[in-house]
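Report on one structure; see the data block that follows.
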Amino acid sequence: RGYEDFRVLDKHLHLCIYDRRFSQLPELPRLDSLTDQSETVSQMLLAYLSRLSAIADNKINCGPALTWMEVDNKGNHLLVHEESSINVPAIAAAHVIKRYIAQASDELSFEVGDIVSVIDMPPKEDTTWWRGKHGFQ
């Protein structure tokens, strides 16, 4: 995994599991803002992962974080490709109130009344699209 992958994990952890005041995990800065990148990044990630190991427990149930760690919500090893249809735990459910017809191959079509399991909610600054699947499959 690269440094930017760890930044994504940090965002997911603090979006759907931890408050930074509790986790005491520092927000990982952008790579281009670091001066001595290799040494600084290694030390920063070592400290970050040490703290994460101290606070991580069986309450980590955020789908995107579990997928990043390649485990399911029971702690079993899971190797998931990005486009895999494996049953990734949902982090939210949504009730469709407006019909939508997919306009691309990676989109879903919805009918009013459908239930959608949300499996990824990236930060708004990254994208306005969420990842999901129909129902509770």
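Structure values in brief
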| item | result |
| --- | --- |
| Gln37 at pLDDT 85 or above and over 17 Å from the mean Cα position of the chain (by Cα) | no |
| Conditions (1) among the hydrophobic types (A, V, I, L, M, F, W, C); (2) closer than 24 Å to Ala92 by Cα; (3) touching a residue at least 24 places away in the same chain (Cβ under 8 Å): number failed by Ala56 | (3) |
| Within the stretch 19-69, considering residues that are of a type in the set (Phe, Trp, Tyr) and surrounded by 14 or more Cβ atoms within 10 Å (Cβ to Cβ), the one nearest to Pro123 (Cα to Cα) | Trp68 |
| Some residue of the stretch 59-77 being in contact with a Leu (Cβ under 6 Å, 6 or more places away or on another chain), at pLDDT below 75 and outside any loop (DSSP other than H, G, I, E, B) | yes |
| Single match in Ser109, Ser53, Ser117, Ser84 (criterion: at pLDDT 85 or above, more than 13 Å from the chain's Cα centre (by Cα) and not assigned by TED's automatic domain parsing to the domain that holds Ser23) | Ser109 |
| Members of the stretch 106-121 that are closer than 25 Å to Ala65 by Cα and surrounded by fewer than 10 Cβ atoms within 10 Å (Cβ to Cβ) | Asp106 |
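The values are calculated or read from the model by the stated rules, or taken from the named source; none is laboratory data. Remember, it's a predicted structure, so these values are computed and weren't measured experimentally. As a convention, Cβ positions derive from the backbone with ideal geometry for all residues, glycine included, and neighbour counts pool all protein chains shown.
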